[in-house]
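K.L.:
Below are the structure tokens for one structure; questions will follow.
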Amino acid sequence: MTRIIDHPVLGRLENRNVISFQFDGNSYQAYDGESIAAALLANGIRKLRVHEESGSPRGFYCNIGHCMECRVTVNDHSNVRACLTVVENDMIIQSGKQLPNLLKKGGQSNE
Amino acid sequence: MNDVIVIGCGPAGLSGAIACVTYGLKVTIMDEFMKPGGRLLGQLHQEPTGDWWNGIKVSEQLYQQALNLGVNIRCGVSVYNLEKEDQMWKVYTSIGTFEAPFLLLATGAAEYPIPVPGWTLPGVMSIGAAQVMTNVHRVQIGKKGIIIGANILSFAILKELQLAGITVNHVVLPEKNAFSQNAGVPEEVMKSLLNAAHLAPSPLLRFGSSFMKNNWIRKMGLTFYPKKGMKVNGTPLLLRKAAVEIIGEDQVEGVRVIDIDINGNPIPGTESTYEVDFVCIAGGLYPLAELASVAGCPFQFIPELGGHVPHHSESMETPLPGLFVAGNITGIESGKIAIAQGTIAGLSIVKHARKGNNSIDNQLQQAIQNVHSVRKQAIIKFNPDIELGRSKMNELWESLYVKNETPGKMTG
């Protein structure tokens, strides 16, 4: 994990409880109380979803809940903001997927 | 039953709640973020005295004070609608609907986006996002990056990133277009940076600022602006380069840049590519005021305040009975101003709730004076003409909502 453990002004990160969660079927570790977006970035994961129509990759942009770019599926609830949602032990998180478009490409998704 | 619901648990919301609860009002604060403090949390800079302004510590102090006085604080709650019914404000949230006769909107600010081709790639983020990830979540945003946009906020956060050991290789401008406007014009950027010369990002800028205010010298300075940039704490500020495109497959891999003239026009044949794994876009801040809008509050566009702001008085009332505002929703300024404005809004609510004693008018006036003196001492001014912006709103309020008393009627 790429954490900022020591900070010259803010001090050293205290030991926090480690929990585990799943993202797209893989297990990762996080610290208790942090956001899903922070936990994933600390595990080297920037891509949180693909655009529903174009399939282009997306990550968090504003990190404080305004832009909705970081939406993921959490325990079967879709469109949850990864930047505002606290990661919990055994949480099952899935990235947003491309959806079939009935009006274009004959309804076939181009995966 | 709540007397007051405060939306936003940042400096304005917390200090507003503290003022209300001190006079016996029952207060609940709601905020979307998982921690109290709002964007104050990420702030970290050194004062002229050498002391650190540590937003996390200031937030914690305000939060503890509010808790000890009995304020109910709910983090992780999103408010999505407001309605007025029978003298009561109905607050629709992600955990149900709440009611109170008084509402304080302290929702803060949001960042102006500057769309750059490729900006949807993972690894591209707003400069504020980088601040929160670094200082609040303490996760590295990448190994080497670039900031697009040279302004007060981007320099303040550049320093914070450097402090946390994050390498920022360059600061460049956005390409000049309808979105970036003056942020893509070197001469305009230079002018706005010179207005903040007292905290100028490099000794050279600081030294040169008094000369550079002269138009001709500024143009000369920019014409001969070093190709490698001036260093800001070790990071080159490239005022004559603009970001053309952010490139990468599944995430950011690089930024294509082009040389620009002092008016922001690209110079053909000068393109190059910087390899980076993160990009911060710094477009500046605007008041986050959607909730005032859905509540039905009228707005005015005041550029010096950062954008569209809800009509409000110096006492932080809006034209809608029971609706008050404080902090960056009223105009972009520092966290210290937000704290001072929160106190005004809280005392105003106390007055309207008829909970204050004889001295409430006096205290309100003192709180208003306090905002003026905090503003005069401010080292971070997002807009140099902030005072003008504030007086525009005051004049608007006087002309629209203050009934002119005819002098003859003023009998003791």
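K.L.:
Can you find a residue that is basic (Lys, Arg) and within 27 Å of B:PHE155 (Cβ to Cβ) anywhere in the stretch B:68-76?
P.N.:
Within the stretch B:68-76 (the criterion being basic (Lys, Arg) and within 27 Å of B:PHE155 (Cβ to Cβ)), the answer is no, since none of the residues qualifies.
K.L.:
Now a separate question. Taking into account only those residues within the stretch B:244-281 that are of a type outside the set (A, V, I, L, M) and within 14 Å of chain A (Cβ to nearest Cβ), which is surrounded by the fewest Cβ atoms within 10 Å (Cβ to Cβ)?
P.N.:
Restricting to residues being of a type outside the set (A, V, I, L, M) and within 14 Å of chain A (Cβ to nearest Cβ), the top hit is B:GLU249.
K.L.:
Please go through the stretch A:8-29 and give me each residue that is facing another protein chain (nearest Cβ under 10 Å) and out of contact with any strand residue (DSSP E or B) (no Cβ under 9 Å at 6 or more places or on another chain), ordered by number.
P.N.:
Residues satisfying the conditions are A:PRO8, A:GLY11.
K.L.:
Taking the stretch B:75-114 only, how many residues are of a type in the set (D, E, K, R) and part of a loop (DSSP other than H, G, I, E, B)?
P.N.:
Going through the stretch B:75-114 one residue at a time, the tally reaches 1.
K.L.:
Would you point out the residue of the stretch A:55-79, among those that are more than 7 Å from chain B (Cβ to nearest Cβ) and touching a residue at least 24 places away in the same chain (Cβ under 8 Å), that is surrounded by the most Cβ atoms within 10 Å (Cβ to Cβ)?
P.N.:
Only one residue tops the list, namely A:CYS70.
K.L.:
Does the stretch B:348-371 contain any residue that is outside any helix (DSSP H, G or I), in contact with a Gly (Cβ under 7 Å, 6 or more places away or on another chain), of a type in the set (Val, Ile, Thr) and in contact (Cβ under 8 Å) with a residue 24 or more places away in the chain?
P.N.:
No, because not a single residue in the stretch B:348-371 is outside any helix (DSSP H, G or I), in contact with a Gly (Cβ under 7 Å, 6 or more places away or on another chain), of a type in the set (Val, Ile, Thr) and in contact (Cβ under 8 Å) with a residue 24 or more places away in the chain.
K.L.:
Which residues, counting only those in the stretch B:222-238, are in a loop (DSSP other than H, G, I, E, B), out of contact with any His (no Cβ under 8 Å at 6 or more places or on another chain) and of a type outside the set (Phe, Trp, Tyr)?
P.N.:
Across the stretch B:222-238, the qualifying residues are B:PRO226, B:LYS227, B:LYS228, B:ASN233, B:GLY234.
K.L.:
Right, something else. Any idea how many residues of the stretch B:91-121 are within 13 Å of another protein chain (Cβ to nearest Cβ), in contact (Cβ under 8 Å) with a residue 60 or more places away in the chain and polar (S, T, N, Q)? Before the answer, list the steps.
P.N.:
As a first pass, look at the stretch B:91-121 and keep what is within 13 Å of another protein chain (Cβ to nearest Cβ): B:94, B:107-121.
Subsequent filtering for residues that are in contact (Cβ under 8 Å) with a residue 60 or more places away in the chain retains B:107-119, B:121.
Adding the requirement that they be polar (S, T, N, Q) leaves B:107.
The total comes to 1.
K.L.:
A follow-up question, please. Test A:LEU84 against the criterion of being among the aliphatic types (A, V, I, L, M), over 17 Å from B:THR134 (Cα atoms) and assigned to a loop (DSSP other than H, G, I, E, B), and give yes or no.
P.N.:
Considered against the rule, which asks whether it is among the aliphatic types (A, V, I, L, M), over 17 Å from B:THR134 (Cα atoms) and assigned to a loop (DSSP other than H, G, I, E, B), A:LEU84 comes out as no.
K.L.:
Answer yes or no as to whether B:ALA295 is surrounded by fewer than 22 Cβ atoms within 10 Å (Cβ to Cβ), touching a Leu at 6+ places or on another chain (Cβ under 6 Å) and of a type in the set (A, V, I, L, M).
P.N.:
yes
K.L.:
Sticking with this structure for a sec: Inspect all residues belonging to the stretch B:302-309 and state whether any of them is touching a residue at least 40 places away in the same chain (Cβ under 8 Å), surrounded by 24 or more Cβ atoms within 10 Å (Cβ to Cβ) and not in a loop (DSSP other than H, G, I, E, B).
P.N.:
yes
K.L.:
Among the residues of the stretch B:35-79, what is the count of those that are under 22 Å from B:ILE329 (Cβ atoms), within 11 Å of chain A (Cβ to nearest Cβ) and in contact with an Asp or Glu (Cβ under 9 Å, 6 or more places away or on another chain)?
P.N.:
7
K.L.:
So, one more: I'm told B:GLN64 meets every condition in (1) more than 13 Å from B:THR107 (Cα to Cα); (2) buried (at least 19 other Cβ atoms within 10 Å of the Cβ) except one. Can you identify the failing condition by its number?
P.N.:
It fails just one condition, (2).
K.L.:
Moving on to the next point. Among strands (runs of 3 or more DSSP E) lying entirely in the stretch B:1-55, which contain 3 or more residues that are crowded, with 24+ Cβ neighbours inside 10 Å? Lay out the reasoning, then the answer.
P.N.:
Details: elements: B:4-7, B:27-31, B:44-46, B:52-54.
The qualifying strands (runs of 3 or more DSSP E) are B:4-7, B:27-31.
K.L.:
Give the residues of the stretch A:30-47 that are in contact with a Ser or Thr (Cβ under 8 Å, 6 or more places away or on another chain), more than 7 Å from chain B (Cβ to nearest Cβ) and crowded, with 21+ Cβ neighbours inside 10 Å, sorted by residue number.
P.N.:
Within the stretch A:30-47, A:ALA30, A:ILE36 meet the criteria.
K.L.:
Further question on the same structure: Which residue, of B:PRO298, B:PRO310, B:PRO321, B:PRO303, is closer than 18 Å to B:LEU364 by Cβ and assigned by TED's automatic domain parsing to the domain that holds B:LEU388? If you could, list the steps in order and put the result at the bottom.
P.N.:
Details: B:PRO298 fails: closer than 18 Å to B:LEU364 by Cβ; B:PRO310 fails: closer than 18 Å to B:LEU364 by Cβ; B:PRO303 fails: closer than 18 Å to B:LEU364 by Cβ.
Going through B:PRO298, B:PRO310, B:PRO321, B:PRO303 in turn, just one is closer than 18 Å to B:LEU364 by Cβ and assigned by TED's automatic domain parsing to the domain that holds B:LEU388: B:PRO321.
The values are calculated or read from the model by the stated rules, or taken from the named source; none is laboratory data. Being a predicted model, the structure only gives us computed values, none of them experimental. Neighbour counts run over all protein chains shown; Cβ positions are idealised from the backbone, glycine included.
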